[in-house]
Amino acid sequence: MSVYTQLTDDQFAAFCSSFGVSFKRAIPITQGIKNSNWFIQTTDDHDGQHSYVFTLFEERPPEDIEKMAVILNQLTGKLPVAAPLALREGHEKPSDSQDDKRYVIRYEDKAITIVPCLAGAHPKQTTPAMCHEIGAALAMLHETLQALQPAQDYGVPLYPWGEVSDREMQFMPGDEAKLMRDIWQAYSNLPLTSLPKGLCHLDMFADNTLWNLQKDNETLTGLLDFTEVSVEHYVMDIAITINDFCTTWGDAEQSETVNFDRQKMNAFLQGYESKRALGEDEKRALPVMLAKAAVIFWLLRLNVIYYNRTEGRTGDNIMVKNPDLMKRLAAYHWSHVEKAQETVFVLLNSESNNYVEGIFSDITQAEQARATLNDNSNVIIKEYALDQLV
């Protein structure tokens with residue numbers, strides 16, 4: 001991720017030694033926007049190789065990062081994760097630690113960890129098969145972390161996005177502020193108390209995953225960046241992951257287009273439900289959650305720009321992601337929510353005199369239901385406006 005704190009080679013060598021790592025070289029990682037990260041090349045690595053990732057956490061307190069280490073150790077063996085290295089003998093563990101080991105060094109009130117590099121590469125594009133696999137992995141994560149109780153003792157506090165929204169809306173054009181307010185209100189109107197909650201990743205973007213990208217046989221090899229794990233509605237975690245994995249983001253030369261793929265979303269949901277079934281309330285909430293998740297990351301990117309400006313953060317190692325992309329994705333999802341309020345989606349079997357297989361309030365539920373039919377080759381989804389003749 002972006003590099004905000006500068007360290008000398010002597011400092012790197014001393015920190016690495018505390019974890020039993022023989023330091024040769026630190027290579028800045030400039031993707032991402034929150035923490036300072038480097039690849040660590042050891043004295044045993046050949047040129048061009050690196051064995052570890054060294055992270056200095058710019059915002060999260062060391063106590064939160066200790067919790068993250070517990071979470072990663074819980075997931076080890078179930079999912080492809082890299083747990084932080086334990087410090088060598090001689091480093092006292094925190095008094096509230098639930099482990100005999102310690103995983104964090106403190107530097108200027110910031111946490112430092114070292115984790116082994118996982119094999120694989122970040123995907124430039126995703127496929128429906130990859131979306132199915134990451135869906136199953138996210139469900140496994142949700143199920144596995146239920147063992148850590150009470151969940152609030154392990155998750156970090158959710159960021160106060162409402163405060164950021166209030167600040168940023170003062171400077172937005174009227175149509176953007178209205179879009180944000182409408183989505184926020186629709187989210188508030190959901191039956192939030194009935195939606196299942198637990199420890200969630202909340203940042204499962206494609207660039208936080210690694211894959212063996214063999215043609216037609218993509219395999220998940222790594223899940224990264226567990227700094228945002230919090231107690232949240234599972235369907236919010238689902239929406240955050242869908243928004244990135246099921247969207248094709250054009251680069252600057254392509255005018256930074258935003259193209260959402262509903263086929264990929266259906267593949268993701270099938271993968272997720274292969275491990276954990278969604279409740280009806282979750283299915284109904286998903287369209288609004290998709291819009292709210294886009295709003296959160298719209299605000300996150302605006303917030304990074306705000307802090308970079310107020311803290312005077314500049315330089316080639318500072319990465320800023322375009323908030324406008326998430327705004328456009330939020331508008332796309334919101335248009336579907338608004339349309340669904342005036343529309344029904346009917347499954348018709350064209351081989352049986354257009355026999356009605358089901359009627360649904362949104363396209364996502366209709367597509368999911370169609371996918372569950374044993375023979376759906378002749379089943380079409382037809383859209384009807386409410387309160388009108390057909």
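The values are calculated or read from the model by the stated rules, or taken from the named source; none is laboratory data. Note that this is a predicted model, so its numbers are computed, not measured. Every residue, glycine as well, gets a Cβ built from its backbone with ideal geometry; the counts of neighbours run over all protein chains shown.
Values for this structure:
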| read-out | value |
| --- | --- |
| Pairs with Cβ under 7 Å, 6+ apart, first in the stretch 69-83 and part of a strand (DSSP E or B), second not hydroxyl-bearing (Ser, Thr, Tyr) | 76/83; 79/137; 79/140; 79/141; 79/223 |
| Restricting the stretch 235-274 to residues that are out of contact with any helix residue (DSSP H, G or I) (no Cβ under 8 Å at 6 or more places or on another chain) and either small (Gly, Ala, Ser) or not assigned by TED's automatic domain parsing to the domain that holds residue 285 (or both), the residue that is farthest from residue 364 (Cα to Cα) | 252 |
| Qualifying residue in the stretch 318-328 (condition: more than 20 Å from the chain's Cα centre (by Cα) and either in a helix (DSSP H, G or I) or crowded, with 18+ Cβ neighbours inside 10 Å (or both)) | no |
| Single residue of the stretch 5-20 satisfying the filter (among the polar types (S, T, N, Q) and in a helix (DSSP H, G or I)) that is nearest to residue 34 (Cα to Cα) | 11 |
| Yes/no for residue 165 being surrounded by 12 or more Cβ atoms within 10 Å (Cβ to Cβ), of a type in the set (S, T, N, Q) and in the same structural domain as residue 238 (by TED's automatic domain parsing) | yes |
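A quick yes/no check of all residues on (1) modelled with pLDDT under 95; (2) closer than 20 Å to residue 164 by Cβ; (3) among the basic types (Lys, Arg):
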| site | (1), (2), (3) |
| --- | --- |
| 246 | no, no, no |
| 253 | yes, no, no |
| 259 | yes, no, no |
| 284 | yes, no, yes |
| 300 | yes, yes, no |
| 326 | yes, yes, no |
| 335 | yes, no, no |
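Rundown of residues vs (1) of a type in the set (Asp, Glu); (2) closer than 17 Å to residue 302 by Cα; (3) crowded, with 17+ Cβ neighbours inside 10 Å; (4) touching a strand residue (DSSP E or B) at 6+ places or on another chain (Cβ under 8 Å), yes/no style:
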{"residue": "159", "(1), (2), (3), (4)": "no, yes, no, no"}
{"residue": "182", "(1), (2), (3), (4)": "yes, no, no, no"}
{"residue": "191", "(1), (2), (3), (4)": "no, no, no, no"}
{"residue": "195", "(1), (2), (3), (4)": "no, no, yes, yes"}
{"residue": "201", "(1), (2), (3), (4)": "no, no, yes, yes"}
{"residue": "205", "(1), (2), (3), (4)": "no, no, yes, no"}
{"residue": "211", "(1), (2), (3), (4)": "no, no, yes, yes"}
